[in-house]
């Protein structure tokens, strides 16, 4: 992992900024899909992915919740601020704003080979 990629990863994890009880906040685990910050939106559970760049947000989305490692809503963690990811269906990928940064989130059920092209492009081909 290059120093730049490590820095982007650390920023992505730090930008997510929500310590989920019982879940890992270890950046090393954020790469392999282990439980870090999860978001529930429209009956889908999303997890953060590292990216080389973050696309500009689309329209604002409402009705999202933070989720725990069991994918159930966390009532005491506030409401995530979500946006459409242009050129991606909202059942596959969204953007979340946290502490002024945008982070790409994908449906955790999707295999990286099935990620929308907008996510693959933002990830720079590094699909993990």
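The values are calculated or read from the model by the stated rules, or taken from the named source; none is laboratory data. Source: prediction; values computed, not measured. Cβ: placed from backbone, ideal geometry, glycine included. Neighbour counts: every protein chain shown.
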Exercise. Quick one: is residue 75 surrounded by fewer than 15 Cβ atoms within 10 Å (Cβ to Cβ) and over 14 Å from the mean Cα position of the chain (by Cα)?
Worked result: yes
Exercise. Are any residues in segment 87-103 part of a loop (DSSP other than H, G, I, E, B) and modelled with pLDDT of 95 or more, and if so, which ones?
Worked result: 88, 89, 90, 91, 92
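Pick out the one residue from 61, 95, 40 that is out of contact with any helix residue (DSSP H, G or I) (no Cβ under 9 Å at 6 or more places or on another chain) and touching a residue at least 40 places away in the same chain (Cβ under 8 Å).
95
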Problem set entry | Search result, residues across segment 66-86 that are over 18 Å from residue 37 (Cβ atoms) and part of a loop (DSSP other than H, G, I, E, B) | 86
Problem set entry | In segment 48-65, residue surrounded by the most Cβ atoms within 10 Å (Cβ to Cβ) [restricted to those that are modelled with pLDDT of 95 or more and in a strand (DSSP E or B)] | 61
Exercise. Limited to segment 34-68, what total is found for residues that are on the phi < 0 side of the Ramachandran plot and more than 14 Å from the chain's Cα centre (by Cα)?
Worked result: 6
